[in-house]
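Data block below; observations after.
The values are calculated or read from the model by the stated rules, or taken from the named source; none is laboratory data. These numbers come from a predicted model, not from an experiment. Neighbour counts are summed over all protein chains in view; Cβ atoms, including those assigned to glycine, are modelled from backbone coordinates with ideal geometry.
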Amino acid sequence: MVSETPFIMKGQGVHTAFVDLVELLKKRSDVDVVVNNEGVGDVFHCHTYGPYYFWKGVKYKGRRIHTANVIPDSIRGSLPMWQQLFPLVRWYFRLVFSYADVVIAVSPTVAQAIRDLGVTTKIRKIPNPLPLDRWKWTDEKATKGRKLLGLAAQEKVVLGVGQLQARKGVEDFLDIAEAIPEAQFVWVGGRPFRAMTEGIARINKRIAKRSANVQFAGMLDLSDMPFIYAAADIFLFPSYQENCPLAPVEAAACSLPVVFRDIKEYERLYENPYLKAKNTAEFIAITRRLLGDQDFYAEAVKISARFIDQFNSARLCDEIVALYADLVRETPRQSIADSVIR
């Protein structure tokens, strides 16, 4: 299992997906997992797409898997001058996906994007499995989370999680917070790409002028996030482009009502119903209703409970391990370890 994120940028969903899968596979008895430079395996599975991916995969021809969490459209609203960079990004991702023997597409949108690039690599559609038990709400977690954020027990808390960039809808989050001053709004996330973040100056000005009920907690460690979710009452996810986002599933696993932006990617991805808003006005209306209508809030919690059924980690890990076994059977039986020694 390989990822460049432990070395360069932990504060993003790709790193979480990598950590989650390693954790889940290490609990199984039918596979042994080695990570990055820990050793050599029979199958190579990478989550990132930098030089490390190409270098580490050289000796695994026929047994290379790439989990596609990112597609060319992911740079829209993420990087400055993305319009000019887009042709180069498309060319590069064509190389990335073609280098793999199998690409795991985390959503139907990702699968279609890969095909649109003209890539002929085999594709398997498997969402990212999550260790859902990690995110279960407890009173102890909620108390610790509120302490971490400096929030009082009686305050109503609306949470957003994501990188501080236009694509994630952080400016819309600020608009919603200004319209609902009776609640506390908390955004968790930073800028893994630092100065290479689209709209950084504009967003910084908005943050500097934010209303008093908004807190930006910055980039927190993954180990702190179960407490942060538990500290909240509502989770908003106003992102404009996603493939298979982890944050809203984590929030739903913590029994939070989750409000998504109504975008086409989710229609193709999610099997179960979810709350959605087309625009900022609808986000405000749904948030106000959740804050003031106990029956609606209780129904929203039930929606979250049904929503996470799709991300059953045991079933999804079974699919991934079966894929590993298929590659081992299909590839001529030369030990990868032997090829390294020679």
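At-a-glance table
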{"quantity": "Candidates K122, K59, filtered to the one that is charged (D, E, K, R) and out of contact with any helix residue (DSSP H, G or I) (no Cβ under 9 Å at 6 or more places or on another chain)", "calculated": "K122"}
{"quantity": "When residues of the range 152-182 are limited to those that are under 15 Å from K209 (Cα atoms) and small (G, A, S), the one surrounded by the most Cβ atoms within 10 Å (Cβ to Cβ)", "calculated": "A177"}
{"quantity": "Any pair with Cβ under 6 angstrom, 6 or more apart, that starts in the range 282-296 at a residue that is touching a residue at least 60 places away in the same chain (Cβ under 8 Å) and closer than 14 Å to V258 by Cβ and ends at one that is assigned to a helix (DSSP H, G or I) and of a type in the set (K, R)", "calculated": "none"}
{"quantity": "Identity of the residue in the range 18-37, free of Cβ contacts under 8 Å to residues at least 12 places away in the same chain and over 22 Å from T331 (Cβ atoms), that ends up surrounded by the fewest Cβ atoms within 10 Å (Cβ to Cβ)", "calculated": "S29"}
{"quantity": "So L117, is it among the hydrophobic types (A, V, I, L, M, F, W, C), exposed (fewer than 14 other Cβ atoms within 10 Å of the Cβ) and outside the structural domain of V186 (by TED's automatic domain parsing)", "calculated": "no"}
{"quantity": "Long-range neighbours under 6 Å by Cβ, at least six apart or interchain, first residue without any contact (Cβ under 8 Å) to a residue 60 or more places away in the chain and more than 11 Å from Y49 (Cα to Cα) within the range 94-115, second in a strand (DSSP E or B) and not aliphatic (A, V, I, L, M)", "calculated": "V103/H66; A105/K125; A111/K125"}
{"quantity": "Condition check for A252: at pLDDT 95 or above, surrounded by fewer than 16 Cβ atoms within 10 Å (Cβ to Cβ) and not assigned by TED's automatic domain parsing to the domain that holds D20", "calculated": "no"}
{"quantity": "Filter result for E319 (surrounded by 12 or more Cβ atoms within 10 Å (Cβ to Cβ), of a type in the set (D, E) and under 21 Å from the mean Cα position of the chain (by Cα))", "calculated": "yes"}
{"quantity": "Filtered residue count, the range 210-233, keeping only those that are without any contact (Cβ under 8 Å) to a residue 40 or more places away in the chain and either under 18 Å from I176 (Cβ atoms) or outside the structural domain of A253 (by TED's automatic domain parsing) (or both)", "calculated": "4"}
{"quantity": "Residues located in the range 203-222, provided they are part of a loop (DSSP other than H, G, I, E, B) and surrounded by fewer than 16 Cβ atoms within 10 Å (Cβ to Cβ)", "calculated": "K209, S211, A212, M219, D221"}
